[in-house]
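Report on the following structure.
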Amino acid sequence: GMQACVRRLNELYRNESVLHEGQFMQENFEWVTLAHEQEGIMAFERKGKKIEEKILVVLNVSDSARSKFKLAVHGKPAWSEIFNSDDEIYWGSSNYLNSNIRCVKQPKKANIYNLFIDIAPFSALVLK
């Protein structure tokens with residue numbers, strides 16, 4: 001449960017250098033969205049030197065699940081879930097796991113992609 005969750009988060013922090021290198025440098029952090037305050041969704045990116053190092057953290061601080069929630073991100077056309085607090089090994093429901101994240105390039109907008117994710121209430125996702 002909780003111990004496995006903290007262990008996994010510590011592993012991510014240790015193994016994903018973008019989460020700790022340059023942590024006080026503005027160019028390594030970017031809010032992706034704060035515009036979904038009504039839905040209780042916040043998202044930010046941690047960036048490295050290469051685009052494939054980018055990490056996206058999505059938080060749902062509301063009591064409502066979101067299915068196929070659309071989130072616009074810059075530059076990276078493919079993402080995979082590397083942490084989901086809704087996983088049953090962390091005592092979650094496993095109803096909102098994202099094994100295949102759909103990414104669609106926005107028409108007429110350079111390097112902007114819409115991600116469609118499922119996110120449980122009061123949960124966190126980490127995508128790479």
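The values are calculated or read from the model by the stated rules, or taken from the named source; none is laboratory data. Being a predicted model, the structure only gives us computed values, none of them experimental. When we count neighbours, we look across all protein chains shown, and the Cβ atoms used for this are built from the backbone with ideal geometry, even at glycine. Accessible surface is based on the protein model in full, side chains and every heavy atom, while ligands, DNA and RNA are left aside. Shrake-Rupley method; radii C 1.70, N 1.55, O 1.52, S 1.80 Å.
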Quiz item: Which value in deg cm²/dmol, rounded to the nearest 500, describes the helix-derived mean residue ellipticity at 222 nm for the chain, given -39,500 (n - 2.57) per DSSP H run of n ≥ 4 and division by the residue count?
Solution: -3500 deg cm²/dmol
Quiz item: By average Cβ neighbour count within 10 Å, what is the ranking of 91-104, 48-61 from highest down?
Solution: 48-61, 91-104
Exercise. Taking the Cα atoms of the chain, report the difference between the largest and smallest coordinate on each principal axis, in whole Å and largest first.
Key: 42, 31, 25
Quiz item: Quick one: Cα centre-to-centre distance for segment 1-43 and segment 57-128, in angstrom?
Solution: 13 Å
Practice problem: Would you kindly derive the ³J(HN,Hα) couplings of segment 49-58 from the backbone phi angles with the Karplus curve 6.51 cos²θ - 1.76 cosθ + 1.60 (θ = phi - 60°), listing them in order in whole Hz, with x for Gly and Pro? | Solution: 6, 10, 4, 6, 7, 4, 10, 10, 10, 10
Exercise. Over the chain, give the accessible area per residue in Å² for a 1.4 Å probe, as an integer.
Key: 61 Å²
